[in-house]
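Below you'll find the structure, written out as structure tokens, and then a few comments.
Since every read-out is calculated from the coordinates, none of them should be taken as a lab result. The shown structure was predicted, so the numbers you read here are calculated from the model rather than taken from an experiment. Cβ: placed from backbone, ideal geometry, glycine included. Neighbour counts: every protein chain shown.
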Amino acid sequence: MSLTSIAVFGANGQLGERIVNALLECKKQTFKVTAFIPPNSPEPPVSEIQNYECRQVDLLNTTPDKLKEELEGVNAIVSALNGPAQNSQPMIQDAAAEAGVKRFYPSEYGFHKLYRKPDSDWAYLHPLWDMKEKLIENALHHPAIDSGEMSYTVIGCGDFYNQDREKVWCPWTQREPEGGEYVLHVVGSPDAKADYTYIDDFAQFLTATLCEPEKSENAHLNYVSDTISNNEIAALLEKYTGKKAKIQTLSEDDQHKIVKQPDAAPQELRASAFPVDFWMLVKGAQGEGMFRRPKGQVHNHLFPDVKPTTFDDYLRREHVETSEWKDVHGPAAARM
């Protein structure tokens, strides 16, 4: 099976643009990439314009028949959609099946954790995770999958740790923290280890699954770049930045209170693009040591050419090697 013509939906998002560039920069195989973005939105910045095309499609105002025409000749679809746009996935897959697309990657790219309230015998799944679960269930039971005309690949990961826009979620991405010190907000134990994934590693892993499609056919895979505790991250931050990294801890009781009443969260935690109750569930699972997949559910070994970027690698490069480059070449060159 050869999957060389790839359509990426949500191509100008934080993850989508990384996937587009990983495909275009692949050394093993030449991909033809079609980036689908919403109307009147910026195109993803790309490193290579050969074998690349960007199309604007209003997923909220199109039909499977119209979309089918856009997908003629495409071998695989990667959905990097997020938020309400994810609800377009079933229509995209219907159009893909009609167009003869052979592989479908539904939007996953996370780690869904159940939440157990202290006053309930039931477990709960946050609506953001539940939306993805429902859409993945729908995708994997599509008639084209059942008939064998289309295959699927689902890829999960750890907490994406290099989200520059998330100053609270990923404080280590900021070169100049407010107040001159880094603050790591922790729920539970700062010594508990959690899975983290570097976004660019993830994009390269996904690309590798397309280079060797037999390995990823009808598979649910997971990629992890590092498994590390907040105390270890804080120590690396201090080592490579020379600035203090402070751990600010909330208890499990604080977690339950804020999940029940998000307005009770400290003001600084509301600066995230994610709902504060979702933030508390992720950080709570990390602080319990439960935001880690067992070794048998991590699949880095299937594509060993994708080298994981650890926190040590990332922080050394961002705060030491980049500074050395600026010293020699000037601040403008470091941004090139």
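Across the cross-link table entries K117/K260; K113/K307; K246/K295; K215/K295; K113/K283, which are compared at the Cα atoms, the separations over 20 Å belong to K113/K307; K246/K295. With a simple spin-label model that places each label point 7 Å from the Cα along the Cα-to-Cβ direction, the separation between K167 and E137 comes to 4.0 nm. State log₁₀ I(q)/I(0) for region 103-167 at q = 0.18 Å⁻¹ as given by the Debye formula over alpha-carbon point scatterers of equal weight, solvent excluded. One equal scatterer on each Cα of region 103-167 leads to -0.81.
Out of every Cα-Cα pair in region 206-318, what percent are more than 17 Å apart? Of all Cα-Cα distances in region 206-318, 68 percent exceed 17 Å. Using 0.36 nm per residue and subtracting the Cα-Cα separation, the extra length available between N51 and D305 on full extension is 89.1 nm.
Placing a pseudo-label 7 Å from each Cα along the Cα-to-Cβ vector at E25 and E232 gives an inter-label distance of 2.6 nm. Sparsely packed loop sites in region 46-134 (the GluC sites (Glu not before Pro) outside DSSP H, G, I, E and B with at most 16 other Cβ atoms within 10 Å) comprise E48, E72. Quick one: of the DSSP bridges fully inside the chain, what percent are antiparallel, nearest 5? Bridges in the chain that DSSP calls antiparallel: roughly 15 percent. Here the extension length gained between T63 and D119 equals 15.6 nm, from 0.36 nm per residue of separation less the Cα-Cα distance.
Net length available on complete extension from D130 to A264 is 45.8 nm, with 0.36 nm assigned per residue and the Cα-Cα distance removed. The residue list A219, M150, Q255 was ranked by how far each Cα lies along the charge dipole of region 111-267 toward its positive end, using unit charges on Cβ atoms, and Q255 comes out on top. Shape summary of region 1-110, radius of gyration then Dmax from alpha carbon positions: 12.8, 37 Å.
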